[in-house]
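Read through the structure below, which is laid out as structure tokens, and then see the notes.
Values quoted throughout were computed directly from the atomic coordinates according to the rules given, and no laboratory measurement underlies them. Keep in mind that what you see is a predicted model, and the values were worked out from it rather than measured. Cβ coordinates were reconstructed from backbone atoms using ideal geometry, including for glycine residues, and neighbour counts include every protein chain displayed.
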Amino acid sequence: MKRFAIAALACLSASAALAHAQLTSSTPANGASTASPAQISLTFTETLNLKFSGITLAGPGGTASETGAAQLSQGDKTLAVPVNKPLAPGAYRVDWHVLSNDGHKTKGSFAFTVTP
């Protein structure tokens with residue numbers, strides 16, 4: 001009986017870990033050197049709740065960059081956020097937070113460089 005309980009607990013823990021929305025790709029990609037992007041796109045493993053998902057974009061010196069209203073696409077798994085103005089050359093950091101439709105919160109960050 002004890003073995004059954006341990007096995008059941010292990011299965012429940014594994015399914016709970018898989019239920020969180022994990023970032024699978026971004027445009028620009030983490031570590032990329034690119035021209036100023038028109039939007040930041042993040043694709044996740046789970047469908048997202050737009051109301052509780054978003055990004056902040058910080059540029060050289062930690063200066064906040066203006067972004068537009070986020071939208072979902074690709075079956076509500078891709079969060080797309082327009083960049084309001086062309087970005088100056090330099091290093092940028094994207095801090096993201098999402099809520100998957102099953103109620104799990106996830107957050108993270110990645111960086112890219114805008115080249116002249």
*If you place +1 on the Cβ of every Lys and Arg, -1 on the Cβ of every Asp and Glu, and leave all else neutral, what size is the dipole of the range 21-114 about its Cα centre, to the nearest 20 Debye?*
120 debye
*For the range 44-54, take each phi angle, set θ = phi - 60°, evaluate the Karplus expression 6.51 cos²θ - 1.76 cosθ + 1.60, and give the result in whole Hz per residue in order, putting x for glycine and proline.*
10, 7, 10, 6, 10, 9, 4, 4, 10, 10, x
*Once both labels are modelled 7 Å past Cα along the beta-carbon direction, what's the residue 32-residue 104 spacing in nm?*
2.6 nm
*asked:* So for the range 21-114, averaging the separation of alpha carbon pairs under 8 Å that are six or more residues apart and normalising by length, what relative contact order in percent results?
replied: 35 percent
*Please compute the net charge surrounding residue 106, taking Lys and Arg as +1 and Asp and Glu as -1 over other residues with Cβ under 14 Å from its Cβ.*
0
_Förster-model FRET efficiency, 22 Å R0, residue 69 and residue 43, C-beta, rounded to 0.05_ = 0.75
